Amino acid sequence: MSVQVGINYSHTVDWTKSSLEKRIGSTISVLNYAISKQDNELLTQQLKSLAGMPYVKNALLVSATGTQRWAYPEDAPLAEAYFSRFSISDGTKNAGFIEVYLDLDAIESSAITSASSVAMIYLLEAFVIALLLLFIVQRTFTSRMKSLAEHVDKIDLAKVGKFVLPDALIKCEDEIGQVSNSVQALYQRVRADFIEKKLEERTLKQHKTLLAEEVNARTLELDWQNQANKLLADLSLRLLKGHKTDVENDVRASMSRMAALLETDHIFWLAFDYDKVQYRASYPESSDEPDIDFTDMYKLKRWLMDVHDTAIIDTNSMSDHAVTERLFLESVGIHSLAMFPLTDGRKSFGLLVATNNHCSLRWNENKDLLLKRFATMLSELTIRERDHVAMTELQEELILANERLRVEAETDELTRLLNRRPFRRIMNTALYDAVDDNASITIMMIDIDHFKAYNDIYGHLQGDRVLTYVARAMNQVATASNATIARFGGEEFAFLLRGADLEQSKKVAWQLCQSVRDLSISHQGSKNSGIITVSIGGVICTPDGATQPNQLLETADQRLYKAKRAGRNRAEVKVLDLAPIPSEAFES
């Protein structure tokens, strides 16, 4: 409407200007005449006539002398209302000019009035066109779009069932038809993808179920194998640690777990003793152990002679060639069994049998392998037992022989006392025990006085007899004192006493000397007594970790020489000073 007002305003101004230009020609000639005649009335009349034109508000006559005359002096317009100026001339001289002022408010009002009517017409036309368009759109677009939207809203992507748009939408060749076809095609692709996804999910679910079942089965199998391996390992360890007499008990203790793994009612460990069959172990322990006679069981005998695999026997399927075996199984109430021989590779010496009383065995490769491994373990155990018996007999003979040799090697042939080597070993042990128990130990060195002279006078054979008598007398004292005596070499002896104090050690030393004097063996070479006597040097101490055996022997030997220098036929026993001694003195 604003545009229309502007257009109407412009047209009104142009029309007014055009009318003024047509009128001004006749008016100027009249004005020239009135000016020349100075006819003011005529001038006023002509100015008002000009100012009375449509949309003209006022007119101003300005003479050549500058005199102004308004058509309507009382209504002089503002300068902004000035519209056009026309010169007044008679062809020879300029008489002045006329200025025309428009009534702009009237022009604007006219333009608005004119525009309003036009605008109403245009608005009416627009409204009619809009209604027409709405009707057309409703018939050709909105209803179809609404139908399309309703059908699209029915789509459920969670289910994606069958979906078909009406033919009225699909068969149209306009944009809605294209959109409908696109929606239909898109839905078909979505549905196809959905179906494919569902199929994949179903397949994956089936695979997952199968995998779970496989994993579960494999887990159960691994758990079963782990229990089987643990059973065999525990049995092996028990057999290694146990005593030979507990073999049956150890095997019987494992049979309950074996029966649970094999899913059998009974397990029997049978041993062949010529034509007899013995039960070495059974599970349960309360199981009946019927007598078994293999005499007429030829089928079983042939199998034992040429066995390659586990025998699985079911009484319902036994052949006519095993009548004796079937009758025996039926008589003892066994429905099915699995057995494997115990063999050393050449002949069978036993059987491992697993039985069920009322149903067939549920057998597989794992159970077969477990039975074989268990039977192999029992075979090796039986072989070791058999070899052990033979080995034990041989070892007993060897032990006796070695003991005889050891006694001979560690016993002095003449006096039958210990010799130097076992004495030193016993002394080392006693020394370590004394350190641990914080107890005392006494070491004595004993020497027969003037024994070389005795041999020179009486001969070596008589000297050997003297050694025997002296050793026997002193050994009696050692036995009574719970001590150890040994022949150290020649006429020299060593004596070991445990746990005695100084007074007790001196008393034992005096007893040793007296036991030899009591023999009263004549000795012409002895200047001080005339009989065989001994001299003793001894040392007593409570040893520590630094005390050395050679240190004790060396100190006792020093005491012995001191006793000899003091006149012989005496004992010198004193407490050991544990001051460090150079290592050279300890060497043998």
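The values are calculated or read from the model by the stated rules, or taken from the named source; none is laboratory data. Predicted, not measured: the structure shown is a model, and the values here were computed from it. Note that we place each Cβ from the backbone using ideal geometry, even for glycine, and neighbour counts take in every protein chain shown. Surface accessibility is based on the protein's heavy atoms, side chains included, excluding ligands, DNA and RNA. Shrake-Rupley method; radii C 1.70, N 1.55, O 1.52, S 1.80 Å.
Quick notes on this structure:
- Furthest towards positive pole of dipole, 316, 537, 402, structure part the chain, Cβ charges: 537
- Only helices enter this figure: runs of n ≥ 4 DSSP H residues, each worth -39500 (n - 2.57), summed and divided by the residues of the chain, yield -19000 deg cm²/dmol at 222 nm to the nearest 500.
- Solvent-accessible area of residue 555 with every protein chain in place, 1.4 Å probe, in Å² to the nearest 10: 10
- Portion, in percent, of the accessible area of the chain that falls on carbon or sulfur, probe 1.4 Å: 54
- Most to least accessible of 120, 145, 474 (protein chains only, probe 1.4 Å): 120, 145, 474
- Under Karplus coefficients 6.51, -1.76 and 1.60, residue-wise ³J(HN,Hα) of region 464-472 in Hz, glycine/proline x: 5, 5, 4, 4, 5, 5, 5, 4, 5
- Sorted largest first by accessible area at a 1.4 angstrom probe radius, with every protein chain in place, the residues 325, 385, 74, 108 fall in the order 74, 108, 385, 325.
- Members of 507/527; 507/562; 230/299; 299/367; 241/299; 301/372 lying beyond 29 Å, as alpha-carbon distances in this model show: 230/299; 241/299
- Rounded to the nearest whole Hz, the Karplus-based 3J(HN,Hα) values (6.51 cos²θ - 1.76 cosθ + 1.60, θ = phi - 60°) of region 187-193 follow the sequence 5, 4, 5, 4, 5, 4, 5, with x at glycine and proline.
- Area of residue 330 that stays accessible when all protein chains are in place (1.4 Å probe, Å², to 10): 100
- When Rg and the Kirkwood radius Rh are both evaluated on Cα atoms of region 251-376, their ratio Rg/Rh stands at 0.92.
- Accessible area of residue 531 (1.4 Å probe, protein heavy atoms only, ligands and nucleic acids ignored): about 40 Å².
- In sequence order, calculated HN-Hα J values of region 383-398 (Karplus, 6.51, -1.76, 1.60; Hz; x Gly/Pro): 5, 5, 4, 4, 5, 5, 4, 5, 5, 5, 4, 5, 5, 4, 5, 5
- With protein chains left intact and a 1.4 Å probe, residues in the chain average 60 Å² of accessible area per residue.
- q = 0.09 Å⁻¹, the chain: log10 I(q)/I(0) [Debye, one scatterer per Cα]: -0.91
- Scanning residues 5 or more positions from residue 292 or on other chains, those with amide H under 5 Å from its amide H are 277, with H placed 1.01 Å from N in the peptide plane.
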